[in-house]
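The values are calculated or read from the model by the stated rules, or taken from the named source; none is laboratory data. Quantities reported herein were computed from a predicted structural model and do not represent experimental measurements. Note: ideal-geometry Cβ built from the backbone for every residue, glycine included; neighbour counts use all protein chains shown.
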Amino acid sequence: MLVTTSYKPSNELAIKAQRIADQLGGGKYVLRRQFSLPALRKRYTETEIMLLTEREIRYYTSTDDSAIFFHPSTAAIRIKRLIRGEVDPLIAFAGISEGDSVLDCTAGLASDSIVFAYAVGATGSVVALESEPTLVMLLQEGLSCYESPIAEITEAMRRVKVEHADHYSYLQSLEAKSIDYIYFDPMFRTPVVDSSAISPLREIANMQAIQLETITEAKRVARKKIIMKELKDSTEFARLGFATTYRSQTNIAYGVIEL
């Protein structure tokens, strides 16, 4: 993977790019000079590029223009609604409230984790697990650096703690009944074809299905509920022992295991 910057980077940005290349292990920091991204690919015979600008980090997985980058996205919309006193379906369904602890086992780009962090407030805690190192880096940098014009959103992002870990191994390391809520949002077995935001993510996300052994560990660790997000007609709910108790107006459903 190539790690580079926008044209004419500041010294701070160049140092940050070198640090991230080292952090990624297999990353190679290269000077952008006046090269376009296609020219860099041709020059170094690499397809993956991590591009740092003064505002964000963009990860290009292939030779097209699709990029993965951190943004609070729908989390910002949902938190604005909560600030106005409206109901967030997931938060209301789960019953998550101030002071709770939440473990998001499949962070992705952390949209749900950010909303959880707003809901639990400063006295609660949210840990977001991600097994893929590129996503871990995007999350850690984005959650710590992104500034929202709405203070509550920025504060929620800063409260999310990202861990680079496989959820099964991480759950095994925890004490019994030590987390209030455990959440799973795996990549759907059947892709949602109209989701342009998720399509690039599928190229680097962990595509493995949730295993029964993982749910067994989650039952040991959770104090209140285990929640899973899936498509309405998914057979994963029955396979893993979830009762499907909430169906949104979209094709998304949430399953629950009460403890």
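Scanning for something under 15 Å from Pro72 (Cβ atoms), assigned by TED's automatic domain parsing to the domain that holds Ser234, modelled with pLDDT of 95 or more and in a helix (DSSP H, G or I), does the stretch 172-188 turn up at least one residue? Let's see the steps before the verdict.
Here is the first cut: in the stretch 172-188, the ones under 15 Å from Pro72 (Cβ atoms) are none.
Within the stretch 172-188 (the criterion being under 15 Å from Pro72 (Cβ atoms), assigned by TED's automatic domain parsing to the domain that holds Ser234, modelled with pLDDT of 95 or more and in a helix (DSSP H, G or I)), the answer is no, since none of the residues qualifies.
For Ala151, indicate whether it is surrounded by fewer than 24 Cβ atoms within 10 Å (Cβ to Cβ), of a type in the set (A, V, I, L, M, F, W, C) and out of contact with any strand residue (DSSP E or B) (no Cβ under 8 Å at 6 or more places or on another chain). Walk me through how you get there before you give the answer.
On the way: surrounded by fewer than 24 Cβ atoms within 10 Å (Cβ to Cβ): yes; of a type in the set (A, V, I, L, M, F, W, C): yes; out of contact with any strand residue (DSSP E or B) (no Cβ under 8 Å at 6 or more places or on another chain): yes.
Yes.
Filtering the stretch 11-36 down to residues that are farther than 19 Å from Met137 by Cβ and hydrophobic (A, V, I, L, M, F, W, C), which residue is nearest to the chain's Cα centre (by Cα)?
Only one residue tops the list, namely Leu31.
I need a count of the residues in the stretch 41-84 that are of a type outside the set (D, E, K, R) and either in contact with a Cys (Cβ under 7 Å, 6 or more places away or on another chain) or assigned to a helix (DSSP H, G or I) (or both).
So the first thing to find is which residues in the stretch 41-84 are of a type outside the set (D, E, K, R), and the list is 44-45, 47, 49-53, 57, 59-63, 66-77, 79, 82-83.
Going one step further and asking which of them are either in contact with a Cys (Cβ under 7 Å, 6 or more places away or on another chain) or assigned to a helix (DSSP H, G or I) (or both), we end up with 44, 73-77, 79, 82-83.
Qualifying residue count for the region: 9.
If you take the residues in the stretch 148-171 that are among the aliphatic types (A, V, I, L, M) and assigned to a helix (DSSP H, G or I), which one is farthest from Ile91 (Cα to Cα)? Even if it seems obvious, please write down each step before you answer.
Here is the first cut: in the stretch 148-171, the ones among the aliphatic types (A, V, I, L, M) are 150-151, 153, 156-157, 160, 162, 165, 171.
Adding the requirement that they be assigned to a helix (DSSP H, G or I) leaves 151, 153, 156-157, 171.
On the way: Ala151: 20, Ile153: 16, Ala156: 14, Met157: 17, Leu171: 22 Å.
Here the residue is Leu171.
Taking the stretch 204-259 as the search range and keeping residues that are assigned to a strand (DSSP E or B) and of a type in the set (D, E, K, R), which one is nearest to the chain's Cα centre (by Cα)?
To start, the set of residues in the stretch 204-259 that are assigned to a strand (DSSP E or B) comprises 222-231, 243-247, 252-258.
After this cut, where a residue has to be of a type in the set (D, E, K, R) as well, the list is 223-225, 229-230, 247, 258.
Details: Arg223: 23, Lys224: 23, Lys225: 20, Lys229: 14, Glu230: 16, Arg247: 22, Glu258: 24 Å.
In this case the residue turns out to be Lys229.
What is the one condition in (1) touching an Asp or Glu at 6+ places or on another chain (Cβ under 6 Å); (2) buried (at least 21 other Cβ atoms within 10 Å of the Cβ); (3) of a type outside the set (Val, Ile, Thr) that Ala94 does not satisfy?
It is condition (1) that Ala94 fails.
Where residues in the stretch 104-138 are within 12 Å of the chain's Cα centre (by Cα) and in a loop (DSSP other than H, G, I, E, B), which of them is surrounded by the fewest Cβ atoms within 10 Å (Cβ to Cβ)?
Restricting to residues being within 12 Å of the chain's Cα centre (by Cα) and in a loop (DSSP other than H, G, I, E, B), the top hit is Glu132.
So, in the stretch 20-38, of the ones that are surrounded by 11 or more Cβ atoms within 10 Å (Cβ to Cβ) and touching a residue at least 40 places away in the same chain (Cβ under 8 Å), which residue ends up nearest to Arg58 (Cα to Cα)?
Ranking the qualifying residues of the stretch 20-38, first place goes to Ile20.
Anything in the stretch 62-74 that is under 25 Å from Glu12 (Cα atoms) and touching a strand residue (DSSP E or B) at 6+ places or on another chain (Cβ under 9 Å)? List them, or say none. Spell out how you get there, then give the answer.
Taking the stretch 62-74 as the starting set, the residues that turn out to be under 25 Å from Glu12 (Cα atoms) are 67-72.
Result: Ala67, Ile68, Phe69, Phe70.
So Ile252 ticks every box in (1) closer than 21 Å to Ala107 by Cβ; (2) touching a residue at least 24 places away in the same chain (Cβ under 8 Å) but one. Which box is left unticked?
(2)
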